[in-house]
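The values are calculated or read from the model by the stated rules, or taken from the named source; none is laboratory data. The structure presented is a predicted model; accordingly, all values stated were derived computationally and were not measured. Quick reminder, even Gly has a Cβ in these numbers, built from the backbone with ideal geometry, and neighbours come from all protein chains shown.
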Amino acid sequence: MRLVTVGTGTVVPDPERASACHWIEHGGVRLLVDCGAGALQGLARAGLSWGEVGHLVISHFHTDHIGEIPSLIFALRHGLEVPRQAPLAVWGPAGVERLFSAWANALGSWLTDPGFEVDIHEMRPGAVAEMGGIRVHVTETPHTEESVALRFEAGGSALGYTGDTGPSRELAEFFRGVDLLLAECSLPDELVEDNHLSPERLARLAVDAGVRRVALTHVYPQLRRFDVPELIRRAGYAGEIVMATDGLALRI
Ligand SMILES: [Zn+2]
Ligand SMILES: [Zn+2]
C-alpha cells in the first residue's frame, strides 16, 4: 500500500496543514479516508488522481473530517474533463446514510445522484469490509458516539488509522502488529481531555500494540510548539516516529 497524508491538520485554520484527509492506494484501488477542509486543494497539490477515487471512508462526523465531502462530489460531477462513470462507494459509521440524505435535502439531489452511482455503506464496529483488494476492519473509539478507527490490510501489510480517539485498551489489540500506525496526537498531556490522544497516551498505545512505526497527524498548534517525537520517546516508545506533513508519501 501507498499512503499519502493529504491533510495533517485539525479544525484550526493553518497555512500549512489542511484538515484530516488521507489517500491510500494499492494496485488499482484508490481510497480517500476522511475529507476535511482543504482536502481537494491538498489532493491536487500532491498530484493525486482525485478523479479516480473509488472509495470514500469516513471515521466520524466532525466537520474537520467530513466538511469537504460535498465539494468532492461536486468536483467529481463537474470538474472532470471526461464525465465519471465509475461508482463511488462511501463507507461511514452509523448515521452515514442520514448524513448524506440531509446534505442532499439541503444542497440538491445531485449529492447522492451526481450522474454516477453513490453506494453508501454503514460500517458497524467489528465489521470487515472489502474495498477492491483492501480489507478494512472497523472498531469504535471513545471520541464521539459514532467514531471509528480503521485497520487496512493488503498485500501482506497492515496500516492502522486511529481517526480521532481518546485512550482505549481495546485499540491496542485492534492495531496489534500493524506496519504503520497513522495516529492522531492532538494535545499536550497537560491539556488533553478524554476524547483525544497526547504524546504519553500515544506512546502507551504504540508500545501495547507492538507497532514499529508511527506517523503523527491531527496535531494541534498547542502541541506543535514542542518536539513531539521526543515527548513520545521520553514516554517510553522506542520505534520509528514520523511527523506527517501534508503531501507526505509513505510505503507500507
Ligand atoms: Zn473529531
Ligand atoms: Zn478531528
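Any residue that is among the acidic types (Asp, Glu), touching a residue at least 60 places away in the same chain (Cβ under 8 Å), surrounded by fewer than 18 Cβ atoms within 10 Å (Cβ to Cβ) and away from ligand 1 (no atom under 16 Å from the Cβ) - is there at least one of those in region 177-187? Walk me through how you get there before you give the answer.
Within region 177-187, the subset among the acidic types (Asp, Glu) is 179, 184.
Applying the additional criterion that residues be touching a residue at least 60 places away in the same chain (Cβ under 8 Å) yields 179.
So of that shortlist, the ones also surrounded by fewer than 18 Cβ atoms within 10 Å (Cβ to Cβ) come out as 179.
This time we only want the ones that are away from ligand 1 (no atom under 16 Å from the Cβ), so: 179.
Yes.
Residue-wise test of (1) away from ligand 1 (no atom under 16 Å from the Cβ); (2) within 13 Å of the chain's Cα centre (by Cα).
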{"position": "VAL12", "(1), (2)": "no, no"}
{"position": "HIS22", "(1), (2)": "no, yes"}
{"position": "LEU32", "(1), (2)": "yes, yes"}
{"position": "GLY36", "(1), (2)": "no, yes"}
{"position": "ALA39", "(1), (2)": "no, yes"}
{"position": "HIS55", "(1), (2)": "yes, yes"}
{"position": "ILE58", "(1), (2)": "no, yes"}
{"position": "ILE66", "(1), (2)": "no, yes"}
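Contact map, region 209-235: residues that are on the phi > 0 side of the Ramachandran plot paired with residues that are crowded, with 20+ Cβ neighbours inside 10 Å and at pLDDT 95 or above, Cβ distance under 6 Å, separation 6+ or inter-chain. Pairs shown: HIS218/THR10; HIS218/GLU184; HIS218/SER186.
Can you tell me which residue in region 133-176 is surrounded by the most Cβ atoms within 10 Å (Cβ to Cβ), limited to those that are of a type in the set (D, E, K, R) and within 15 Å of PHE61 (Cβ to Cβ)? Don't jump to the end; show me each part of the working.
If we filter region 133-176 for residues that are of a type in the set (D, E, K, R), which is where we start, we get 135, 140, 145-146, 151, 153, 164, 169-170, 173, 176.
Right, trim to within 15 Å of PHE61 (Cβ to Cβ) and you get 140, 145-146, 164.
Numbers: GLU140: 23, GLU145: 10, GLU146: 20, ASP164: 25.
So, considering only residues that are of a type in the set (D, E, K, R) and within 15 Å of PHE61 (Cβ to Cβ), the one surrounded by the most Cβ atoms within 10 Å (Cβ to Cβ) is ASP164.
Matching residues to (1) part of a helix (DSSP H, G or I); (2) in contact with an Asp or Glu (Cβ under 9 Å, 6 or more places away or on another chain); (3) over 25 Å from ASP14 (Cα atoms):
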residue	(1), (2), (3)
LEU205	yes, no, yes
LEU231	yes, yes, no
GLY236	no, yes, yes
VAL242	no, no, no
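Scoring ALA102 on the criteria (1) under 17 Å from the mean Cα position of the chain (by Cα); (2) aliphatic (A, V, I, L, M); (3) surrounded by fewer than 17 Cβ atoms within 10 Å (Cβ to Cβ) leaves a single failure, condition (1).
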